[in-house]
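K.L.:
Please read through the structure below; I'll follow up with questions.
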Number of protein chains: 2
Amino acid sequence: MATSRKLTVAAAQLGPIQLATPRSEVLSRMLKLLDDAASAGVRLVVLPELALTTFFPRHIIEDPAEVAKFYEVESQEQTLLASPNTKPLFERAKSLCLDVSLGYAERWTDGDKTTDYNTMVYYSAAADKILAKYRKVHLPGTKEPVRQPNVAEQLEKRYFTPGDLGFQAFRAPGLVSGALKAKDIVAGQEASSEGKGDPILGMLLCNDRRWPEGWRCYGLQGAELVLQGYNTRGYAPQNPGTPEEQEQLAVFHHRLSCQAGSYHNACFSINCGKAGYEDGGLLIASSIIVAPGGKIIAESKTSDDELVIATIDLAECRFNKEGVFNLGKHRRVEHYNRIVEQTGVIEPPFLE
Amino acid sequence: MATSRKLTVAAAQLGPIQLATPRSEVLSRMLKLLDDAASAGVRLVVLPELALTTFFPRHIIEDPAEVAKFYEVESQEQTLLASPNTKPLFERAKSLCLDVSLGYAERWTDGDKTTDYNTMVYYSAAADKILAKYRKVHLPGTKEPVRQPNVAEQLEKRYFTPGDLGFQAFRAPGLVSGALKAKDIVAGQEASSEGKGDPILGMLLCNDRRWPEGWRCYGLQGAELVLQGYNTRGYAPQNPGTPEEQEQLAVFHHRLSCQAGSYHNACFSINCGKAGYEDGGLLIASSIIVAPGGKIIAESKTSDDELVIATIDLAECRFNKEGVFNLGKHRRVEHYNRIVEQTGVIEPPFLE
């Protein structure tokens, strides 16, 4: 019998962060959102992709010193918890007993090697550490700029390397009361936690949400809650349609992808955007919390800093995880080989 | 530059087929739909899953002779083109220059071995043969009946074996004018057809549409048009919600899955149901034609026999196939192994 696994969560949507906006101002806005979330009983706050800066991949920046300003420098010895840009955020989260997930640009140094990733981390207040890190796998856009008038650049492939950590789900302690721990598992109990352990979470970044592969990798690990941060362009001059039509279409595709991913993997998702006119470029809002049945249960109303809050019961995931999307009963992996054996399209032969 | 690849297509939704409905009556209804489709300029008609009979997996049928009546018997020597139940359908299609795709229960005999499948075929008028066969991969429901009061049975796993043919896309000749043939390909032309050859099609049946794996296998073959037949229960007493609420939810999940599958693989889809109260069980209607951008461009208005018609331009697939869903540029197969290496869920370990 499914026991209740209730939890109040929030997407902390951010309004635009301009190129000239100081880091300290962004941090202040985030701290206010954390305070407000705590006042509302929230235990988990999700911030957008690249939450500390503007979405700089829309710019062609030639000077490496200028580019470097957008990244957090990390290594085995140096973690985000100690960075002056983020340390106060995690300290506040700890004092408020809040878990926080946020996206940022990561410059990872390992000896002589430096690699840049579009990254999202999960900070657990109960563990007082960064429990999990995700590096964006599906980078959109191009490496070389188009450099033409009336073209909005999308240069994520220029500034980031595709993530190397895959889609690794993790358990977050302390979020729901009464969750079983390893020490509670005694002989004779079922091997599977069946939703009795600490909640199983996964992270995605922006374009990832359009790729069912990532969602399914989390579904195959029993994910109950997927956290997704985005910066999604609402308009590009080179695309068809008026600005209004393009924005509506971008929101439609965003919702469709988040709703399908949640439904097909029977998990909640918290999808949090950076919104509004940022450096002249329009980012869609529509931060949404989606239920395992695919319905949107909360959505942002503005294009500015805004908390989108819902109290969710992770036990609701069981109905479809044990029914229509019981993966073990219905999947036929012998027919899926193309998904891993070929990256791009191989068309059937031309007819004679 | 994308050339126009226009084509008028139809979902030929069927109203209910009761247990007592004679095959000849079903055939007459189908022939009328084909005639009407041809009058409207349609070149391709898609009929539902199990289009020749009632959805018999809702019944517990113990007598093998009774069960046998629902299947078409096929072998290497005996094809559907010669069956008295379907021969007139293909003859009419040929005379009308219409391609037809339909679902039915297949009893395949190979020497001493007999296997039952939930099957869909594609008949090409230009080729005057069955060009492709698909056997449903994702069978829902159970093998053993629940046999309890107020439970609607779903026994597809009892009456069918999971399909053994995978998701094999195919080209359909004669559907669009000016499509390149193999003989047109000369040295110096690009290896990929880029939408210049005969259209690339795939087939799915009902529950398959909820599984992104099948759609992606077709997407990886450059599918421009996916044909999907369904019989989807609108109400089951054992499920939560009133009949009206359940039906609305079933339609929502149907649309969500078809729209996401089309969008994520940049293909059109024709999704055709059997609808209405069949043997006392409610089947949803909502036969839909979906564009590569995920929008519904035509939808049925009744729960009865009805043609849902749209003129589509397969060239529209190119915008997303070459952009946001350029699979070769964006997919990272090194992170997808779970999708083929495990059928069911493997949860992360319990925390200490």
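The values are calculated or read from the model by the stated rules, or taken from the named source; none is laboratory data. Please read all numbers here as calculations on a predicted model, not as lab measurements. No Cβ is skipped: glycine too gets one built from the backbone with ideal geometry, and neighbour counts run over all protein chains shown. Protein only, heavy atoms only, side chains kept; ligands, DNA and RNA dropped before computing areas. Shrake-Rupley method; radii C 1.70, N 1.55, O 1.52, S 1.80 Å.
K.L.:
Kindly provide the set of residues from the stretch B:224-253 that are under 13 Å from the mean Cα position of the chain (by Cα) and within 12 Å of chain A (Cβ to nearest Cβ), ordered by number.
P.N.:
Within the stretch B:224-253, just B:THR232 meets the criteria.
K.L.:
Hey, another quick one. Quick test of your reading of the structure: A:TYR218 fulfils all but one of (1) more than 17 Å from A:GLN13 (Cα to Cα); (2) open to solvent by 10 Å² or more (accessible area, probe 1.4 Å). Name the failing condition by number.
P.N.:
Unmet for A:TYR218, out of (1) more than 17 Å from A:GLN13 (Cα to Cα); (2) open to solvent by 10 Å² or more (accessible area, probe 1.4 Å): (2).
Per-residue answers, yes or no, for (1) surrounded by fewer than 23 Cβ atoms within 10 Å (Cβ to Cβ); (2) in contact with a Cys (Cβ under 6 Å, 6 or more places away or on another chain):
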position: B:GLN248; (1), (2): yes, no
position: B:GLN259; (1), (2): no, no
position: B:SER262; (1), (2): no, no
position: B:SER287; (1), (2): no, yes
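K.L.:
So which of A:LEU27, A:LEU80, A:LEU50, A:LEU33 ends up being open to solvent by less than 30 Å² (accessible area, probe 1.4 Å), within 25 Å of A:LEU225 (Cβ to Cβ) and out of contact with any Phe, Trp or Tyr (no Cβ under 8 Å at 6 or more places or on another chain)?
P.N.:
A:LEU33
K.L.:
Let me ask something additional. List the number of the failed condition for B:GLY219; all other conditions in (1) more than 10 Å from chain A (Cβ to nearest Cβ); (2) under 20 Å from A:HIS335 (Cα atoms) hold.
P.N.:
All conditions pass for B:GLY219, except number (1).
K.L.:
With the requirement that a residue be hydroxyl-bearing (Ser, Thr, Tyr) and touching a residue at least 60 places away in the same chain (Cβ under 8 Å), what does the stretch A:128-165 give you?
P.N.:
A:TYR134, A:TYR159
K.L.:
Please tell me if A:ALA51 is of a type in the set (Gly, Ala, Ser), in a strand (DSSP E or B), touching a helix residue (DSSP H, G or I) at 6+ places or on another chain (Cβ under 8 Å) and under 19 Å from A:ASN118 (Cβ atoms).
P.N.:
no
K.L.:
Looking only at the stretch A:125-175, which residues are outside any loop (DSSP other than H, G, I, E, B), farther than 21 Å from A:LEU225 by Cα and open to solvent by 20 Å² or more (accessible area, probe 1.4 Å)?
P.N.:
Scanning the stretch A:125-175 gives A:LYS157, A:ARG158.
K.L.:
Quick check: anything in the stretch A:100-111 open to solvent by 70 Å² or more (accessible area, probe 1.4 Å), in contact with a strand residue (DSSP E or B) (Cβ under 8 Å, 6 or more places away or on another chain), farther than 22 Å from A:LEU31 by Cβ and not hydrophobic (A, V, I, L, M, F, W, C)?
P.N.:
no
K.L.:
Spot the failing condition for A:VAL45; the list is (1) of a type in the set (Val, Ile, Thr); (2) touching a residue at least 40 places away in the same chain (Cβ under 8 Å); (3) surrounded by fewer than 21 Cβ atoms within 10 Å (Cβ to Cβ), and only one is missed.
P.N.:
Every listed condition holds for A:VAL45 apart from (3).
K.L.:
Could you tell me which numbered condition A:ALA93 fails, if it satisfies all but one of (1) open to solvent by 10 Å² or more (accessible area, probe 1.4 Å); (2) within 29 Å of A:ALA40 (Cβ to Cβ)?
P.N.:
(1)
K.L.:
Scan the stretch B:126-151 for residues that are in contact with a Phe, Trp or Tyr (Cβ under 9 Å, 6 or more places away or on another chain) and under 23 Å from B:ALA82 (Cα atoms) and jot them down.
P.N.:
Scanning the stretch B:126-151 gives B:ASP128, B:LYS129, B:ILE130, B:LEU131, B:ALA132, B:LYS133, B:TYR134, B:ARG135, B:LYS136.
K.L.:
Do you know which residues across the stretch A:1-40 are in a loop (DSSP other than H, G, I, E, B) and without any contact (Cβ under 8 Å) to a residue 40 or more places away in the chain?
P.N.:
Residues satisfying the conditions are A:MET1, A:ALA20, A:THR21, A:PRO22.
K.L.:
Go through the stretch A:297-348 and report how many residues are facing another protein chain (nearest Cβ under 7 Å) and open to solvent by 40 Å² or more (accessible area, probe 1.4 Å).
P.N.:
Looking only at that region, the number is 9.
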